[in-house]
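Read-outs: derived from the displayed coordinates by stated rules, not from any lab. Everything numeric here is computed off the predicted structure, so don't read it as measured data. Note that each Cβ is placed from the backbone with ideal geometry, even for glycine, and that neighbours are counted across all protein chains shown.
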Amino acid sequence: MSSISFIGLGSMASAIAARAIAADHAVELIGRDATKTQGLAAALGGGARVGRFGSVPTGDIVVLAVPYASAVEVVTEYGAALAGKVIVDITNTFNADLELVTPEGTFGAKEIAKASPDSAHVVKAFNTVFGHVLTQGRPLDVFVAGDDTQAKASVSSFITSLGLRPLDVGGLEMARYLEAVGPLTIGLAQNGVGFDHALSVSIFS
Ligand SMILES: NC(=O)c1ccc[n+]([C@@H]2O[C@H](COP(=O)([O-])OP(=O)(O)OC[C@H]3O[C@@H](n4cnc5c(N)ncnc54)[C@H](OP(=O)(O)O)[C@@H]3O)[C@@H](O)[C@H]2O)c1
């Protein structure tokens with residue numbers, strides 16, 4: 001059992017946290033609205049705790065479950081409170097026109113890593129999986145990118161514990177391609193496949 005903190009209370013936080021509770025992890029929920037945070041903790045059950053926004057999260061793994069537009073600001077606001085943490089960046093970085101909002105030459109995970117304390121490790125994961133599909137309990141593939149081997153191993157082991165299959169795509173630089181896959185999932189959804197799908201890899205040997 002590990003302790004996992006979630007910053008953000010939306011559909012992704014709630015879907016991953018529900019699976020984490022089912023896997024017997026200790027879950028801490030952190031939102032900017034205390035009432036809303038208590039409401040989600042009560043709805044999830046399983047002893048989910050309410051953390052204080054901006055304080056040091058209890059989890060070694062901190063899932064950053066806010067929109068990309070707020071992510072760098074949130075990490076900057078946390079500052080040293082995220083020292084030594086494994087930050088899981090689940091953000092998608094595309095807008096309503098399916099264009100990436102990050103400037104040429106950079107990508108979301110890189111900007112989040114730049115804003116994080118030096119001792120924190122950013123791992124990109126979960127951004128290619130829909131929240132509502134995660135709630136269905138299926139054994140999905142979750143792509144993982146990160147530079148720190150130990151941090152990536154710890155996120156991969158967390159993912160495995162949720163009944164999901166972690167697939168390592170390489171260092172954090174590879175997160176730029178995971179972010180480009182975000183619009184692909186919407187394109188698939190809007191052009192025949194529908195939103196009730198997940199990307200997976202078939203391995204033939
Ligand atoms: N939904 C999906 O299927 C999906 C799939 C893959 C990846 N993602 C990514 O996962 C992340 C979360 O998505 P979601 O669908 O869960 O979003 P959501 O339902 O809109 O929830 C976002 C959460 O972030 C919080 N938040 C926003 N700005 C904040 C700030 N400045 N400070 C503190 N909290 C802030 C919101 O707080 P309030 O409740 O107070 O507004 C809310 O709890 C996004 O980056 C998204 O791109 C989503």
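So here's what we get for this one:
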{"quantity": "Normalised per residue, the volume of the convex hull around the Cα set of the stretch 99-205 (Å³)", "calculated": "128"}
{"quantity": "Partner lysines for LYS36 [C-alpha distance under 27 Å; skip if fewer than 8 residues away on the same chain]", "calculated": "LYS85, LYS124"}
{"quantity": "Radius, Kirkwood style, for the stretch 3-193 when every pair of distinct Cα atoms is counted (Å)", "calculated": "16.5"}
{"quantity": "Lys, Arg +1 and Asp, Glu -1 on Cβ, resulting dipole of the chain about Cα centre, debye, nearest 20", "calculated": "500"}
{"quantity": "Cleavage-rule hits (GluC sites (Glu not before Pro)) in the stretch 49-128: DSSP loop, at most 12 neighbouring Cβ within 10 angstrom", "calculated": "GLU99, GLU104"}
{"quantity": "The stretch 173-205 versus the stretch 96-135: alpha-carbon centroid distance in Å", "calculated": "15"}
{"quantity": "Choice from LEU140, LEU64, LEU29 showing the highest fluctuation, given a GNM over the chain with Cα pairs closer than 10 Å", "calculated": "LEU140"}
{"quantity": "Sparsely packed chymotrypsin sites (Phe, Trp or Tyr not before Pro) within the stretch 119-205, loop by DSSP, other Cβ within 10 Å at most 10", "calculated": "PHE204"}
